[in-house]
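The values are calculated or read from the model by the stated rules, or taken from the named source; none is laboratory data. Just so it is clear, the structure is predicted and the values come from calculations on it, not from any experiment. Positions of Cβ are generated from backbone atoms using ideal geometry, with glycine treated the same way; all protein chains shown enter the neighbour counts. Remember, those area values only see protein heavy atoms, side chains included, never the ligands or the DNA or RNA. Shrake-Rupley method; radii C 1.70, N 1.55, O 1.52, S 1.80 Å.
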Amino acid sequence: GQGADTYTGGGKYVGEYKDGNRHGQGTYAQGNGDKYVGEFKDGKPHGQGTVTFADGRVQKGIWENGKLKPWWKF
């Protein structure tokens, strides 16, 4: 289902859940201003997603178990 959580340190998640974990489409914003928008699986970024850093840098890609996959492994 859909839901939202707020974490210590100012982090916030809004999106889909499955079995109590972030799972499906969602947005996770950290207290420092960094934000991930994309797919989650079992609580971690997994699938297509975009990170926008507080300083304005943007990193798009495919995530696997919380880590950005190198472009040569697509």
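Observations
- Among the criteria (1) at pLDDT 95 or above; (2) open to solvent by less than 70 Å² (accessible area, probe 1.4 Å), the one V14 does not fulfil is (2).
- For region 50-74, filtered to residues that are under 20 Å from V14 (Cβ atoms) and part of a loop (DSSP other than H, G, I, E, B), the residue that is most open to solvent (accessible area, probe 1.4 Å) is A54.
- Among the residues of this structure, G47 does not count as one that is loosely packed, with under 15 Cβ neighbours inside 10 Å, over 12 Å from the mean Cα position of the chain (by Cα) and not polar (S, T, N, Q).
- For region 17-34, the tally of residues that are open to solvent by 90 Å² or more (accessible area, probe 1.4 Å) and in a strand (DSSP E or B) stands at 2.
- Residue within region 4-13 that is among the hydroxyl-bearing types (S, T, Y) and in a loop (DSSP other than H, G, I, E, B) present: yes
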